[in-house]
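A short write-up of the structure that comes next.
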Amino acid sequence: MASAIFRSFQVHPFLLYPSTLLRRRNGVYHLTTKATQSQTDTQQRQPQTKVSTSSTQSKKLDKIPKNYEAIIGIETHVQLSTQTKAFCGCPYHYGSPPNSSICPICMGLPGALPVLNSKVIEFAVKLGLALNCNLAFNSKFDRKQYFYPDLPKGYQISQFDVPIASAGFLDVDIPVEFGGGHKRFGITRVHMEEDAGKLLHAENGNYSQVDLNRAGVPLLEIVSEPDMRNGIEAAEYAAELQRLVRYLGVSNGNMQEGSLRCDVNVSIRPIGQSKFGTKVEIKNLNSFSSVSRAIDFEISRQVQLHSQGQEDQIVQETRLWEEGSQASAIITITMRKKEGLADYRYFPEPDLPAVILSQEYVDDIIESLPELPEIKRRRYEQMGLSMQDVLFLANDKNVAEFFDATLAKGADPKLVANWIMSDIAAFMKNEKLTINEIKLTPEELSELIASIKGGTISGKIGKEVLFELLAKGGTVKDLIEKKDLVQIVDPNEIEKMVEKVIAENPKQVEQYRGGKTKLQGFFAGQVMKLSKGKANPGLLNRILLEKLNSKS
């Protein structure tokens, strides 16, 4: 039935449309798109604008941007973590076999009507509130019309003139290594829409196959104000947005899976000019570092054209970011001319009712919101933690929860932060584990810190206990008793060990008393070795100095 509906189109040389055919192999539909020779030749002949990356050119570009200002905005698509798609009951699992999770609604078959997933509205309201937006208590869906092989209906269900949320802002803390400071970036709108399918291109370039698994997956598009001025600010904004959706639980935010996709809009203008320059959109950004590098490159490209009197070559278009292994391969290339709003021919979606929110519904969602990253960072700052500590701890929701749970047991914030950021973080990195996967619990970390602070065990022994707990679990108390790790705090016992070490090393004693005082560390190490690391360091050093400086 499906193969009869998706008929093969006869391609003529003057047509731009590809030849399309839906075949069924092994119970799975494969929609194949063949490119015509004339179309392929045209694409190959299309010029690609590149900016020279020679050292001379780079030095020149470093000086030019001082006369220009970059204007940057970001459109971010967030894939929602709902159990089913936006308008049907099909599930979506990343990496599933092509066209294994589709239905007549996903395929855009005639007569198939959409039914809105209520979770999409809930997640949209959550994010809108978290972004400090004004909510539209009466919004609607619209049809955004365009032709592309991965859009079987010929239109996308989206929102146009009445988005569910608008006029908000996002606060971002810039890391110290990038200059530090606090920035606020405006949010123009947040709207609901469905995703399109995905084209799978053949290696030889002769045809493409369409996977409709992703068609109908719910998205939220977040459009920022053009408030960013460089690649670092844009990357930090995107990272904060990822952090926010993860805290809210509305998306996993994984860029490598396409759950968070950023399209950046870049233009430049001379310093002092109020009019915006021509906007260029950049796609294919699969990491935050790519966002930063692509923007900085595009700024340099536009600045170079301006400085050469060729600003008319900066046109409103979509460009692809291509990042090779060598610096000379890092470029943006023309993908297509950018469509205007009129090209999409928006009109209200007739098959879906209006989205009407009640105040009670919104109030319930407000009550369910967790402590958000910005609020958490300010709370950590009030504890006296450095900005470096604050950014590390609040970056990951699970790490923040572990930190807070440890503090709830009475541990000192700075000591907990130090343990998490040093030894625990190193262990997780080496073992490729998350903080939820380690055996150590917040209760035992608090107990370990208390045992060291109270003098039950030394800091050195504490590290040994920590790695045992991280790898195997257990309790601090049981490990201390089982391995006889209790710190030696009896002065007489430590004095006997000091006297033994001094008696066994007369040559080093003579050298120490002759002025080589750095040998104190040697003696302390020998006593620690004799005590199996259990001697109290403070007592040891006091008694050792008394004995070494004694003339008898």
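Here, each number is a calculation from the coordinates, and none is a lab measurement. For clarity, every value in this text was computed on a predicted model and none was experimentally measured. Reconstructed Cβ throughout: ideal geometry from the backbone, glycine too, with neighbour counts over all protein chains shown.
Descriptive notes on the structure:
- Spacing of the two label points (7 Å from each Cα toward its C-beta) at A503 and N252, in nm: 6.6 nm
- Difference of contour (0.36 nm per residue) and Cα-Cα distance, F522 to V176: 120.7 nm
- On the beta carbon distance between E510 and N398, with R0 = 60 Å, the FRET formula returns roughly 0.60.
- Inter-probe distance in nm under a simple model that places probes 7 Å from Cα toward Cβ, at S118 and F276: 3.9 nm
- With K and R counted +1 and D and E -1, the other residues having a Cβ less than 10 Å from that of M528 yield a net charge of +4.
- Inter-centroid distance (Cα atoms) of region 132-177 relative to region 412-437, Å: 38 Å
- In this label model, R345 and S287 are separated by 4.2 nm, measuring between points 7 Å along each Cα→Cβ vector.
- With 0.36 nm allotted per residue and the present C-alpha distance subtracted, the Q304-T334 stretch has 9.1 nm of extension available.
- Spin-label zone in region 81-98 - amide nitrogen under 17 Å from a point set 7 Å from the Cα of L109 along the C-beta vector: 87-91
- Values of log10 I(q)/I(0), in the order q = 0.11, 0.12, 0.24 Å⁻¹, for region 125-226 under a Debye, Cα-only, solvent-free model: -0.51, -0.58, -1.16
- Cα-centred dipole magnitude for region 230-279, charges only on beta-carbon of K, R (+1) and D, E (-1), debye, nearest 20: 220 debye
- Rounded FRET efficiency, nearest 0.05, which uses the C-beta distance separating A450 from T188 and R0 of 56 Å: 0.65
- The length gained by stretching the chain between A408 and T475 to full extension, at 0.36 nm per residue less their Cα-Cα distance, is 22.3 nm.
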